[in-house]
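As structure tokens, the structure follows; a few thoughts come after it.
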Amino acid sequence: MDWFLYVSVGECWDPSDAQPAMYGEVQSPQYPKPYPPNLQEQWDLSVPEGYQIRLTFTHMDIEPSAGCYYDSLTILHDGKVLEKFCGFENSADGHHPGNHPILSPGNRLTLIFQSDSNNPERHQNVGFSAHYQAIDIDECSAPTPADGSGPLCDQICLNTLGSYLCSCHHGYELRSDERSCVLSCTGGIFDEPRGHLLSPGYPNSPPHGVSCQYIIAVERGFTISLNFSDTFQIESVDTEQGRTCPHHWLQVTVPGRKPTKLCGAESPGLMVVNSNTVQLDYKTDDEGPEQRLEPGVQHPHCPLPGSVARGRVTPLMTEYLYRDHIFVRCDDGYKLMMDGQEIESFNTMCQSNGQWHLPLPECHIIDCGEPKPLLNGGVTFLSGSQNQYLSVIQYHCNEPFYSLAGDINGKIFTYSLTCDKERRWTSNTVFPICIPVCGKPTTRISAYQRIIGGSDAPDNTIPWQVMMNIEGGRGGGIVIADRWIMTAAHVVSNQGVTASSDTVRVYTGLTDIKRDMSSPVYAASVHVHPQYNNPNYVDYNNDIALIKLRDPITFDSSVMPVCLPAEGATYQTGNMGLVSGFGITKTNDSRMVLTNKLKYVYVPLVDQETCTNSIKVAKTKLTNIPSLTNNMFCAGIPEGGKDSCQGDAGGPFVLSDSGRYWAAGIVSWGVECGQQGTYGVYTKVTNYLNWIHKTMQEN
């Protein structure tokens, strides 16, 4: 027997259900460097109750062996071995997890990594790297326990993050054990202006021996209307005197009037009681035949919710009744969206009007946002797009001016990242760095020319050459890093006083002063070698200085650094070096003038004895001639005509080795310019490598 009454009663509901995700990372000792021998290390991983652990390997390289007898990673749950791994991807021996994650039966995992005493150098195995995360267990879909304890929930099971909740059908309430349901029809007082009341267990037949009471009371000045649905059915008995309700009934009591008992299969329809208070008593005895209502169109059923693409609706039931709740969760890598906004969680309730109080949300793929930018480099998508879940990107440097740190000896390193479900770009490598390519101009010089009276240097052939303007004077310099210029000390120091950084202007990428002197680079600090001392311009020992720039240079074809010498670099007599500058050149009438265009010349290295003798000869003819030291070397030809000169000072003398140019010397001084029997003298850069590196690191 059942009845359905429309009255004015409502309820409030709080849809909050959010919980943070949990994850972590595990790596073998010293990863990504090779792991040591004779090692045993254990990790005990755990996540909260109601979750299980998903372990995903991003890299594994463990010495392979049959049965993983030597080195291995063992995975256990409660002392039981789940897996034992070793080897590397596609190795013949061992057991490698590949791309398959490990899922724990419960909320704990133990990892034991061990290595024996024999780890040959040729292997250099780096071990493993893995991340783990908590995965919610759907307790409601688990089979009924075999111990006879019965299902988790007596009527309705609702899966939640990390746990589950039990719920009951209408007319029942949850017992204190939080899993079983008991009939409840002590409805109390209903004082809302609208609402619904149903018989216990509706639309199913109620149990025997039910006695329920409901009181509806609204504000004075209002009257109550009871609108019974067409699906009204309470057991009755027809007699000669008419229909009676001896066993089961619904009694309507209005203050000051005789109670009215209702029963039978015919709905009373609309009943206006003309009172602001009414009492409803519902009674069934312990006997009598069971009657069942056939559902009608006005039953408070909600339609099946349907499915959500890339998501899951729980619980799945054959029908949903008034006050039933459903939850929606998205698959890994997807987020809940409603009305264009992301929401943390979602559930909706079946209302008495047979409609869900909220429409189903959508599951949209997550994105990790823009990856961290790479200075002097960029990003390429290997798979996926728009920074979405499981997209894979790879960093690259702006070639040929920059290369990835580690790209040496022909071994190419790649740096790939994957968008994971936690919205992070993850990788098993450190973040890459783009380092400048040194000593490799994009255009090569094809002919030997001279500075004094020589031809112009083509564009992009000497990209490390800079011209400096210091307190109105001109000098040369050499790009050795994105914020460092190397030059001669006497260019930036006058009678023991170092030029202020505010007076230094550096012009990069020039081949024609008239054309290109629009955007100087400014100095942040000037560093003269501490042992340079040349107040009278007769002592050019330690003639070297460094200028730090305020802002880094972005390298291109016109501006690139030259390489610094390698440790132990040698200067072989006769080797041809490239000298360049904007210094003095001769005109057709042999006058000496400053050039506006970059000039260059190839001149050979001269042995120290020959150079020393030329200076001795010069000292017999001229005064105030400096002396040659072991911190200097000479270059030029005995017949003259090819040399550097005033204005070239501080510029580069470079040698080539395996296609790369390196800074062998700095234009320092000489006896006249390009005269027969004289040579240009250059600061020997190899003698100052320690000072150069120390100055750059400390500033």
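Using the empirical formula 2.2 N^0.38 Å as the baseline, the Cα radius of gyration of the stretch 301-365 reaches a ratio of 1.09. Note on ASP324, ASP138: ascending count of other Cβ atoms within 10 Å places them as ASP138, ASP324, the fewest first. Size of the stretch 251-404 from its Cα atoms: along the principal axes, largest to smallest, the extents are 100, 36, 25 Å.
Take the Cβ atoms of GLU240 and ASP281, set R0 to 35 Å, and the FRET efficiency comes out at 0.85. Each peptide in 48-56, 33-41 gets a packing score, the mean of other Cβ atoms within 10 Å over its residues, and the list from highest to lowest is 48-56, 33-41. Normalising the average separation of contacting C-alpha pairs (under 8 angstrom, six or more residues apart) by the number of residues puts the relative contact order of the chain at 9 percent. Around GLY439, with a cut-off of 9 angstrom between Cβ atoms, what is the net charge of the other residues, counting Lys and Arg +1 and Asp and Glu -1? Combined, the nearby Lys, Arg, Asp and Glu give +1. Ordering TRP691, TRP662, TRP669 by the number of other Cβ atoms within 10 Å of each residue's own Cβ, fewest first, gives TRP691, TRP662, TRP669. The alpha-carbon of LYS335 sits under 20 angstrom from the alpha-carbons of these aspartates and glutamates, leaving out residues fewer than 8 places away in its chain: ASP17, ASP136, ASP138, GLU344, GLU362, ASP367, GLU370, ASP420, GLU422.
In the chain, the longest principal axis of the Cα atoms and the axis of helix 689-698 are about 40 degrees apart. Modelled label positions at LYS84 and GLU422, each set 7 Å beyond Cα in the direction of Cβ, lie 3.1 nm from each other. For the chain, count all C-alpha to C-alpha pairs, find those more than 49 Å apart, and express that count as a whole percent of the total. The calculated P(r) of the chain puts 52 percent of pairs beyond 49 Å. Bridgeable aspartates and glutamates around LYS621 (alpha carbons under 17 Å apart, same-chain partners fewer than 8 residues away excluded): GLU672. Excluding same-chain neighbours fewer than eight residues apart, the lysines reachable from LYS514 by a Cα-Cα span under 22 Å are LYS586, LYS597, LYS599.
Equivalent ellipsoid of the stretch 51-161: semi-axes from √(5λ) of the C-alpha gyration tensor, largest first, are 38, 14, 10 Å.
On the beta carbon distance between ASP502 and ALA618, with R0 = 41 Å, the FRET formula returns roughly 0.60. Give LYS33/LYS84; LYS84/LYS372; LYS548/LYS684; LYS440/LYS548 a once-over and call out the pairs whose C-alpha atoms are over 28 Å from each other. Distance filter (> 28 Å) returns LYS84/LYS372. Counting every alpha-carbon pair across the stretch 101-181, the share separated by more than 18 Å comes to 63%. Between the residues PHE401, ALA217, THR610, the greatest Cα displacement towards the positive end of the dipole of the chain, with unit charges on the Cβ of Lys, Arg, Asp and Glu, is found for THR610. With neighbour counts taken as other beta-carbon atoms within 10 Å, the residues PHE228, PHE431, PHE555 rank, fewest first, as PHE431, PHE228, PHE555. Dipole magnitude for the chain: about 4100 debye, using +1 per Lys or Arg Cβ and -1 per Asp or Glu Cβ, origin at the Cα centre. Set Lys and Arg Cβ to +1 and Asp and Glu Cβ to -1, take the dipole of the stretch 465-697 about its Cα centre, and tell me which of ILE637, SER519, GLY680 lies farthest positive. Working it through, the farthest residue towards the positive pole turns out to be SER519.
Readers should treat all values here as calculations from the given coordinates under stated rules, not as data from a laboratory. Here the structure is a predicted model, which is why all the values come from computation and not from measurement. Note that we place each Cβ from the backbone using ideal geometry, even for glycine, and neighbour counts take in every protein chain shown.
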